[in-house]
Amino acid sequence: MNGFAGLTKVGVIPVVRGSQPETIIHLAKALQAGGINSMEITIETPGALEVIKKVTSEMAENFIVGAGTVLDGETARLAILSGAQFIVSPSLHPDVITVAKRYGKPVAPGAMTPTEIVRAYELGADLVKVFPASTLGAKYIKDIRGPLGHIPIMATGGINVNNAAEFIKAGCLALGVGGSLVSQQVIAEGNWSYITEQASQLVEAVCSARL
């Protein structure tokens, strides 16, 4: 398997927006307690690079942290130098893929149409992030996988405990999960047990769907 093997093994990648240094380690440990060993920290939040540095320095041996919403090569480079172990984009940017490959980091560009998906893979994507997944639906993924079954797919956007299994059964190797798992409100409340429970349910849904 490609460079995303550690992430696709679990199959759930939390997408954290509005990350804050004072809560990020609590969040990482809550996710880990629920069976998830990774998170994608979206880079548009002020101070996101420092948050990435904090997670990689304090949980480097047993947690995988990446940068998301990366829209250009320079941002990809800064994220990698800050410790990001993978790069994710909502859209297709060849320079992001080039920089990630230059530094030996796995990359998942965003795509929607068959042409974009194939192009992303041709450019070197380790996973292709199909977005927005909930709008397109699991059947879309299944249909795409017909002619393009050799291209590894991650679905992101609107994924939750109730529909996660559908997307895995449709052929996704991994799921990017945002607000249903790591909402800013729940994080602000410090409701870590809720996050752990949701993480556990998502992991179970993915494992069951793979059987």
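The values are calculated or read from the model by the stated rules, or taken from the named source; none is laboratory data. From a predicted model like this one, the values you see are computed outputs, not experimental measurements. Please note: Cβ atoms are built from the backbone with ideal geometry, for glycine as well, and neighbour counts cover all protein chains shown. Ligands, DNA and RNA are excluded from the accessible area calculation, which covers all protein heavy atoms including side chains. Shrake-Rupley method; radii C 1.70, N 1.55, O 1.52, S 1.80 Å.
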Within the chain, helix-based [θ] at 222 nm, where runs of 4 or more DSSP H residues each add -39,500 (n - 2.57), nearest 500: -13000 deg cm²/dmol
Just from the alpha-carbon atoms, what are the Rg and Dmax of the chain in angstroms? 15.7, 46
Value in Å of the Kirkwood radius, where region 1-87 supplies the Cα pairs that are averaged: 12.7 Å
Please identify the DSSP H helices in the chain that span no less than 20 Å along the helix axis (Cα) and have a mean Kyte-Doolittle hydropathy of 1.6 or more. none
Loop-only GluC sites (Glu not before Pro) in region 32-64, please: DSSP not H, G, I, E or B, and at most 14 other Cβ atoms within 10 Å. 44, 61
Going by amide H atoms built from the backbone, whose H comes under 5 Å of the H on residue 177, apart from near neighbours? 13, 15
Using alpha carbons only, how many angstrom separate the centre of region 80-103 from the centre of region 185-205? 28 Å
Limiting things to C-alpha atoms, what are the Rg and the maximum Cα-Cα separation (Dmax) for region 47-103, in angstroms? 10.9, 32
Quantify, in whole percent, the carbon and sulfur part of the accessible surface of region 1-102 (1.4 Å probe; protein heavy atoms only). 54 percent
Quick one: pull the percent of accessible area on region 154-194 belonging to carbon and sulfur, 1.4 Å probe, ligands and nucleic acids left out. 48 percent
Could you tell me the relative contact order of region 83-171? Use alpha-carbon pairs under 8 Å, at least six residues apart, and round to a whole percent. 24 percent
Return a whole-number percent for the relative contact order of the chain, with Cα pairs under 8 Å and 6 or more residues apart as the contact set. 22 percent
Top mean-square fluctuation among 60, 100, 111, Gaussian network model of the chain, C-alpha springs under 10 Å? 60
Based on the alpha-carbon set only, what is the convex hull volume of region 76-177 divided per residue, in Å³? 88 Å³
Rounded to one decimal in nm, the spacing of the 7 Å Cα→Cβ label points at residue 162 and residue 145 is 2.2 nm
Top to bottom by accessible area (1.4 Å), largest first, where do 16, 186 land? 186, 16
